[in-house]
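The values are calculated or read from the model by the stated rules, or taken from the named source; none is laboratory data. The model shown is predicted, which means the values in this text are computed figures rather than measured ones. Every residue, glycine as well, gets a Cβ built from its backbone with ideal geometry; the counts of neighbours run over all protein chains shown. When the accessible area is computed, the model is the full protein with side chains, heavy atoms only, and any ligands, DNA or RNA have been set aside. Shrake-Rupley method; radii C 1.70, N 1.55, O 1.52, S 1.80 Å.
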Amino acid sequence: MAPALFTSGVIDPLDLDPIGADVRQPVIIAFLVFVGCSLLWLVTLVTGQEDGPDRLYVADRSLSSVLNGFALAGEQITTVTLLALPGAIALFGYDGFAAAIDVLLALGVTLLLAQRIRNSGCYTLGDLFGLRASGRASRIAAALVTLVITIPLLLLQFRAAGIGASLLIGASTESVQVICTVLIGGLVACVAAMAELRGATFMHVVKVPLTLATLAVITLLALRTFAWDPGNLLTAAVNGSLAPDAYLSPGLWPYETDFGSLNDVGAHMVVILGGAVAPHVILRISASRTGQTARRSTSIAAALVGVFIALLIATGFAATAVASSRGIGAIDGNGQSALILLASELLDDGSLVRVALIVAISCVTFLAVLTAVSSVTFAAGVSLVHDVLARHRRHGTDAAEVRTLRLAVVGLCALGLSLAAATYRYHVEFLITFATSVAASCVFPALILTFCWRRFNRKGLLWSVYGGLLLSTLFMVFSPSVSGAPYALWPEADFAWYPLQTPGLLSVPAAFLLGWIGSVTSPQDPRRDHEDLEYLLLTGRDARRKQMTPKR
């Protein structure tokens, strides 16, 4: 996940064509062939694989460290990161660069938690919350938080896919973007309904090297344009930016507030902490064989994502150097056209290599939206079915549970797609900030207290989760992201009394405090063996085995 990276209101977009009519037909044909082959391959991956919920949800926890590491890296390559991060760097320089680094830092936090999450034997937030707070209330809270995180992510993934598809066909008007969003989103929703973790894993494994290879080729072509001198490329990027004197310094970001550094700290904090504990990331970690395997997988993912972020940064600066910030904004006010425009400008019109490069970008973008939507909706569907519905069906069968999961995934995709189409006239990019803020405020404190504090209990967990959710919602509604700013949802209104762009700077510490207050003001349950739970989280072994081991 990335922060709100869009520039609506900074530059007025025009209805321009970044690809050109001379190559559009072969690009579209090649792209459609790739889409057809990808869907056919995915169908073959999932056919005959549904032996039971555990195999469907976490692939029987049989994924190797390398395979799951590539897949975890693929979870970070979404449509938003692939298209919006280069655009943010191209338009805002240093501030876009800092936003890109947050994606890598989030994996660093995941690395610290990966072994404990896997050792717990849990794969949903409901299971993790239940470690200290068993019962229906904690699972309902987990399902609610999962939905609040998932729906904004789906909306913006569909929206970004629509923008990319409209650029591909050479018509970036609002109506065309809506049509492309509905068509691409409907196709992806059908595929997501068939998804399961093992099939999604192989899709990620293909996506990661294809993405890295495509970005590497674009970077090398850009360096060739500037005589293989990165210094010349960076100088040209500065000269082609909207503010050459401020391009490599903080402050060009249009979402700045009067509180400057505090606003920046809060924005970076929610992305790092929220991205580390997103529900689909937790599900992916839980598919590892052991806790040690989970740590190795996360380390491999961090190395791959590091390369991905470095290439994104290079392409972002290259886009400014080749096409200029104003040229990028003239085509797409969100800056998401930067990557396609860069590839179009680097080679001569009609060149076979140019066609191949644009096709590669289009295919990578399609894989990004396909895998991102599938992963996010699948994790949310598993949470709903496993944590809420299946718990109330005493005589339900595995087949019924799987059917319910499929229906839940379709329903979530339909809801996200409908919201994406209905809100196209509004600046709703703040929703991704809201989603990461909820994850940082509700999930991260609850997991840290669960793993690290014996006294944490049911009351503390509910206070922390619901308190974090309430504060995140309240601060976001009354922030400059919703009213009183050019990029806000309602720029003409002004009821923003919370001065920061993101709620995390206050909501995250408040969630920790509420968890502490709730725990210390409630009696401890003597039936809970906290020592055995800590042993389980550290070793991954059944806590009862500890009692059978003689002391030395």
| said: Can you compute the FRET efficiency between Leu187 and Ser134 using 1/(1 + (r/R0)^6), with r the Cβ-Cβ distance and R0 = 35 Å? Round to the nearest 0.05. | reply: 0.30
| remark: The extension gain from Ala422 to Ser522, computed as 0.36 nm times the residue separation minus the Cα-Cα distance, is 31.5 nm
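For region 91-247, what is the accessible area per residue in Å² when the probe is 1.4 Å?
Ligands and nucleic acids excluded, the figure is 32 Å² per residue.
Under the rule a/c < 1.5 gives rounded, and otherwise a/b versus b/c splits prolate from oblate, where does region 181-258 land using the Cα gyration tensor?
Details: a/c = 3.20, a/b = 1.69, b/c = 1.89.
Since a/c reaches 1.5 but b/c is at least a/b, the shape of region 181-258 is classed as oblate.
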| said: So if each residue of separation counts as 0.36 nm, and I subtract the Cα-Cα distance between Val206 and Arg454, what length gain in nm does that give? | reply: 85.0 nm
| note | In this structure, the FRET efficiency calculated for Ser175 and Trp41 from their beta-carbon separation, with R0 = 35 Å, to the nearest 0.05, is 0.60
| request: Grab the other residues whose beta carbon is less than 14 angstrom from that of Val271, score K and R as +1, D and E as -1, and report the net. | output: -4
| said: In whole Hz and in residue order, list the ³J(HN,Hα) couplings for region 69-83 that follow from phi through the Karplus curve 6.51 cos²θ - 1.76 cosθ + 1.60, θ = phi - 60°; x for Gly and Pro. | reply: x, 4, 5, 5, 5, x, 4, 8, 8, 10, 4, 5, 5, 5, 9
| request: Please report, as a whole percent, how much of the solvent-accessible surface of region 401-470 comes from carbon and sulfur atoms (probe radius 1.4 Å). | output: 67 percent
| said: Just to verify a number: FRET efficiency for Leu352 and Ala227, C-beta to C-beta distance, R0 = 35 Å, to 0.05? | reply: 0.90
| remark: Calc'd 3J(HN,Hα), region 228-245, phi into Karplus 6.51 cos²θ - 1.76 cosθ + 1.60 (θ = phi - 60°), Hz, glycine/Pro = x, comes to 6, 10, x, x, 5, 5, 5, 4, 5, 5, 4, 5, x, 7, 6, 9, x, 6
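In region 412-484, what trypsin sites (Lys or Arg not before Pro) fall in a loop by DSSP, with at most 15 other Cβ atoms inside 10 Å?
The qualifying sites are Arg425, Arg454, Arg455.
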| For a paramagnetic label modelled at 7 Å from the Cα of Ala310 toward its Cβ, which residues of region 92-126 fall within the zone defined by backbone nitrogen distances under 19 Å? | 97-108
| How far apart, in nm, are the 7 Å Cα→Cβ label points at Trp497 and Ala414? | 4.0 nm
| If one computes the Cα centroid of region 121-135 and of region 249-320, what distance in Å separates the two points? | 25 Å
| said: Just to check I understand the Karplus step: with θ = phi - 60° and J = 6.51 cos²θ - 1.76 cosθ + 1.60, what whole-Hz values come out for region 178-188, glycine and proline as x? | reply: 5, 4, 5, 4, 5, 5, 5, x, x, 5, 5
